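The values are calculated or read from the model by the stated rules, or taken from the named source; none is laboratory data. All of these numbers come straight from a predicted model, not from anything done at the bench. All Cβ positions, even for glycine, are placed from backbone atoms using ideal geometry, and neighbour counts span all protein chains on display.
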Amino acid sequence: MNKRVYILTAVISYLVLLIATIPASTISSIINDNSPIKIQGINGTLWHGEALTVSINNSIRLQATEWSFTAWKLLIGQIAIDVETKYLNNNINSEIGTSFLGQYFINDLSATIHAKDLAQIAAIPLAQLSGLISLNIEHAQWRQGELPLATGEISWKDAAITVAETASLGNISILLTESDQQLLNAEIKNQGGDIKISGSAELVPESDYAVNIKLTPTASANNNIKQSLGLFAQRQRNGDYVLKKSGSLKQIM
């Protein structure tokens, strides 16, 4: 038992030494040549460093990125770094990493972004979004080829969507939890606006999804908004509209 402890200590010490001394530019060259991520203006080491810009798929451009290595997590079989960066002058903070068993994770993600910018990243067609979206993700994890898990909350303040006409959605809250089957579940609700929203969306076994959301027009909703709801949701006798859909994730990826 003592021999194993000595070997583990020696291995971890060696890894820490490498991380603390290897220039970050060495790894950035490998990343730039073999991935859609391009890093420019890099300084420091793998242990602690900074980059002027980080471009992802030529569409997402992060600025003033700094990172620091979390050494103690090597003891629990994880490689983790704390990251601070900016996207369109909005601060993003998180811990990201992977385990020795190939599980990727994100902890304590905090970010704020304008809804119109998120719509551009996601390439949402036709509709225009407005408002401010805040991400507060406590923990997210996934493996290659498996469905993700996440806990936390997504808040959309002063939410509005415009297609032919603008519909105010008030303040939307999406609470992320794990379902009984240990899969991702999202409870959705809002306060204020032209449409009251309540329902859920979840991932189900065999890489499928299920959505069940009730949309209730409020007194401020005009006929055009109500007619728009009928284009994608089923009208009920009491005036509510229900969006109920399920299928394979591959159909919407």
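Taking the criterion of being of a type in the set (A, V, I, L, M, F, W, C), in a strand (DSSP E or B) and under 12 Å from Ala167 (Cβ atoms), the only residue of the range 122-136 that qualifies is Leu129.
Taken as a whole, the structure places Ile213 among residues that are over 22 Å from Asp108 (Cα atoms), crowded, with 16+ Cβ neighbours inside 10 Å and either among the small types (Gly, Ala, Ser) or assigned by TED's automatic domain parsing to the domain that holds Gly239 (or both).
Looking at Asn185, Asn190 in this structure, which one is crowded, with 17+ Cβ neighbours inside 10 Å, at pLDDT 95 or above and not acidic (Asp, Glu)? Within the list Asn185, Asn190, the selection yields Asn190.
From the set of residues in the range 230-253 that are aliphatic (A, V, I, L, M) and modelled with pLDDT under 90, which is surrounded by the fewest Cβ atoms within 10 Å (Cβ to Cβ)?
Quick first cut of the range 230-253, residues aliphatic (A, V, I, L, M) only: 231, 233, 242-243, 249, 252-253.
Pick out the ones that are also modelled with pLDDT under 90 and you get 231, 249, 252-253.
Details: Leu231: 8, Leu249: 13, Ile252: 8, Met253: 6.
The selected residue is Met253.
Scanning the range 95-125 for residues that are in contact with a strand residue (DSSP E or B) (Cβ under 7 Å, 6 or more places away or on another chain) and without any contact (Cβ under 8 Å) to a residue 24 or more places away in the chain yields Ile96, Thr98, Ser99, Thr112, Lys116, Leu118, Ala119. If you take the residues of the range 195-248 that are free of Cβ contacts under 8 Å to residues at least 60 places away in the same chain and in a helix (DSSP H, G or I), which of them is farthest from Pro148 (Cα to Cα)? Result: Asn223. State whether the residues of the range 118-141 include one that is touching a His at 6+ places or on another chain (Cβ under 6 Å) and hydroxyl-bearing (Ser, Thr, Tyr). No: zero hits. For Gln120, which of the numbered conditions (1) modelled with pLDDT of 90 or more; (2) polar (S, T, N, Q); (3) outside the structural domain of Thr45 (by TED's automatic domain parsing); (4) closer than 20 Å to Thr53 by Cα fails to hold? So the condition that Gln120 fails would be (1). Within the option set Gly44, Gly49, Gly77, being under 20 Å from Tyr104 (Cα atoms) and of a type in the set (Gly, Ala, Ser) holds for one residue only, Gly77. Taking the criterion of being hydroxyl-bearing (Ser, Thr, Tyr) and touching a helix residue (DSSP H, G or I) at 6+ places or on another chain (Cβ under 6 Å), would at least one residue in the range 229-249 satisfy it? There is at least one residue in the range 229-249 that is hydroxyl-bearing (Ser, Thr, Tyr) and touching a helix residue (DSSP H, G or I) at 6+ places or on another chain (Cβ under 6 Å).
Scanning the range 147-164 for residues that are assigned to a strand (DSSP E or B) and either surrounded by fewer than 15 Cβ atoms within 10 Å (Cβ to Cβ) or touching a Lys or Arg at 6+ places or on another chain (Cβ under 6 Å) (or both) yields Lys157, Thr162.
Taking each residue of the range 132-152 that is assigned by TED's automatic domain parsing to the domain that holds Leu176 and looking for partners that are of a type in the set (Ser, Thr, Tyr) and not in a strand (DSSP E or B) with beta-carbon atoms closer than 8 Å, six or more apart or interchain, yields Leu147/Ser207. Somewhere in the range 234-253, is a residue over 29 Å from the mean Cα position of the chain (by Cα), among the small types (Gly, Ala, Ser) and closer than 24 Å to Ala123 by Cα? For the range 234-253, residues over 29 Å from the mean Cα position of the chain (by Cα), among the small types (Gly, Ala, Ser) and closer than 24 Å to Ala123 by Cα: absent.
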